[in-house]
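Chemist: For reference, the structure I am asking about is given below.
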Amino acid sequence: MVKASAPGKLMLFGEHIAVYGKPCIVTAVNHRMSVSIEKRNDEKIIVNAPEVHVKNYKISVNELNNQYPKEVSFVLTAVKNFFDKYNCRSGLDIETHSEFSSKFGFGSSSAVTVSTLKALSELFDISMSNNELFNISYKTVMDVQKVSSGFDVASAIFGGTIFFAKKGEIIEKMNIKETPLIVGYTGVKADTPTLIKKVSGMLEREPKKINAVFNKIENIVIEAKDNIKNSNWAGVGQFMNENQQYLKMLDVSSPELDKLISASNKGGAYGSKLSGAGGGDCMIALASEDKSSLVSEAIKKAGGIIIPVETNVEGVRIER
Ligand code: MEV
């Protein structure tokens, strides 16, 4: 039996523009997703995924055809892509385990995809560089989801905090210390593909205006990168506020997010913004140590749920 695990992620800067190849900054968080895989002596693939209520889902190797229930689609598409690329086949027992709920928007799909492929490479003794793992994982996510910049796949593989651009052509590890980040969950599930479509619709209707917003966000990402590297959290917070204003122009914030963000800033945060596709999921705030509990209280009072996270954690690994 082989077990691999990969971290969830939080987007710090650059959501939505990343879909168009522009840069973003993402940090890996200490909520992990793991996948255990064992070979079987027959041709059956049996998946157990308790966190999404999948119990003994059975399919034969011959039936791997990219049409699966959505709860098992990332795992089985990963298996099919792996078998096709490396010319192998076997029955498998697969079990997934998540330390976080898929509703937070921490990237459970990419973490499960990366963990599955890492475990398969170990099980079939196929050596894969991180870049090869990125390519097959990103292909898998695109096969299922059709749209994605791949930043969440890169974060699950490389961990730490990365500057990501051109859909993975540029992946730069940023050497930073733990970020003083506070995460507030809105209680509302975001629908990433719908929000991506909304922004692409706006881009089609008003290309000049939306491209100008994209360029402003791109400049923020680049400036924020230096401030993060230098742990200038007051500066980073300022850029978070600016990024949030431009995300509002893209109409991807929500009343719940706005409420938590405004409460957090009034509570003394350096800055706050939504993280991820928007429409719900989580907001993030940066606060100095002495303001941290005031900011958390303010977010809670505004209806948010604080999710404790450690940032900048290790990427995919085999669990021994
Ligand atoms: C979603 O977490 C972030 C988006 O930029 C989508 C992506 O980059 O794949 C909206």
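The values are calculated or read from the model by the stated rules, or taken from the named source; none is laboratory data. Since the model is a prediction, treat every value here as computed from it, not as a measurement. Don't worry about glycine lacking a Cβ; one is built from the backbone with ideal geometry, like all the others, and counts go over all protein chains shown. Heavy atoms of the whole protein, side chains included, go into the accessibility calculation; ligands, DNA and RNA do not. Shrake-Rupley method; radii C 1.70, N 1.55, O 1.52, S 1.80 Å.
Chemist: Which residue out of Val54, Val29, Val61, Val47 is closer than 21 Å to Phe158 by Cα and either outside the structural domain of Phe151 (by TED's automatic domain parsing) or not polar (S, T, N, Q) (or both)?
Modeler: Testing whether each residue is closer than 21 Å to Phe158 by Cα and either outside the structural domain of Phe151 (by TED's automatic domain parsing) or not polar (S, T, N, Q) (or both) leaves just Val29.
Chemist: A further question on this structure: Can you say whether Lys259 is open to solvent by 50 Å² or more (accessible area, probe 1.4 Å), over 18 Å from the mean Cα position of the chain (by Cα), closer than 15 Å to Lys300 by Cα and not assigned by TED's automatic domain parsing to the domain that holds Gly107, as far as the supplied structure shows?
Modeler: On the way: open to solvent by 50 Å² or more (accessible area, probe 1.4 Å): yes; over 18 Å from the mean Cα position of the chain (by Cα): yes; closer than 15 Å to Lys300 by Cα: yes; not assigned by TED's automatic domain parsing to the domain that holds Gly107: yes.
Judged against the criteria, Lys259 is a match.
Chemist: Given the condition within 16 Å of the ligand (Cβ to nearest atom) and assigned to a loop (DSSP other than H, G, I, E, B), answer yes or no: does some residue in region 23-43 qualify? First the steps, then the outcome.
Modeler: Let us first name the residues in region 23-43 that are within 16 Å of the ligand (Cβ to nearest atom), namely 23-29, 31, 33.
Then drop every residue that is not assigned to a loop (DSSP other than H, G, I, E, B), which leaves 23.
Yes, region 23-43 contains at least one residue that is within 16 Å of the ligand (Cβ to nearest atom) and assigned to a loop (DSSP other than H, G, I, E, B).
Chemist: A follow-up question, please. Taking region 21-42 as the search range and keeping residues that are charged (D, E, K, R) and farther than 16 Å from Ile307 by Cα, which one is farthest from the chain's Cα centre (by Cα)?
Modeler: Asp42
Chemist: Condition check: more than 16 Å from the ligand (Cβ to nearest atom), more than 22 Å from the chain's Cα centre (by Cα), open to solvent by 10 Å² or more (accessible area, probe 1.4 Å) and farther than 27 Å from Glu314 by Cα. Does Glu63 satisfy that?
Modeler: yes
Chemist: Shifting gears a bit: Taking region 214-225 on its own, how many of its residues are more than 18 Å from Ala285 (Cα to Cα) and away from the ligand (no atom under 14 Å from the Cβ)?
Modeler: So the answer is 4.
Chemist: Separate question: Here is a list: Ser73, Ser155, Ser98, Ser148. Which entry is farther than 16 Å from Thr192 by Cβ and either open to solvent by less than 40 Å² (accessible area, probe 1.4 Å) or not β-branched (Val, Ile, Thr) (or both)?
Modeler: Going through Ser73, Ser155, Ser98, Ser148 in turn, just one is farther than 16 Å from Thr192 by Cβ and either open to solvent by less than 40 Å² (accessible area, probe 1.4 Å) or not β-branched (Val, Ile, Thr) (or both): Ser98.
Chemist: Additional query: For region 171-205, give me each residue that is in contact with a Lys or Arg (Cβ under 6 Å, 6 or more places away or on another chain) and of a type in the set (Phe, Trp, Tyr).
Modeler: Across region 171-205, there are no qualifying residues.
Chemist: Being in a helix (DSSP H, G or I) and open to solvent by less than 50 Å² (accessible area, probe 1.4 Å) is the filter here, so list the residues in region 219-233 that pass it. Walk me through how you get there before you give the answer.
Modeler: Step one: of region 219-233, the residues in a helix (DSSP H, G or I) are 219-229, 233.
Ile220, Val221, Ala224, Lys225, Asn227, Ile228, Trp233 - these are the residues of region 219-233 that are in a helix (DSSP H, G or I) and open to solvent by less than 50 Å² (accessible area, probe 1.4 Å).
Chemist: Next question, about the same structure. Looking at region 244-251, is at least one residue touching a strand residue (DSSP E or B) at 6+ places or on another chain (Cβ under 7 Å) and open to solvent by 10 Å² or more (accessible area, probe 1.4 Å)? Steps first, please.
Modeler: Taking region 244-251 as the starting set, the residues that turn out to be touching a strand residue (DSSP E or B) at 6+ places or on another chain (Cβ under 7 Å) are 244, 247.
With open to solvent by 10 Å² or more (accessible area, probe 1.4 Å) added as a condition, the list becomes none.
No, every residue in region 244-251 fails to be touching a strand residue (DSSP E or B) at 6+ places or on another chain (Cβ under 7 Å) and open to solvent by 10 Å² or more (accessible area, probe 1.4 Å).
Chemist: Of the conditions (1) over 22 Å from Asn65 (Cα atoms); (2) among the small types (Gly, Ala, Ser); (3) modelled with pLDDT of 95 or more, Ser90 fails just one. Which one is it?
Modeler: (1)
Chemist: Now for a separate question. Do we find that Ser296 is away from the ligand (no atom under 16 Å from the Cβ) and surrounded by 24 or more Cβ atoms within 10 Å (Cβ to Cβ) in this structure?
Modeler: No, not satisfied.
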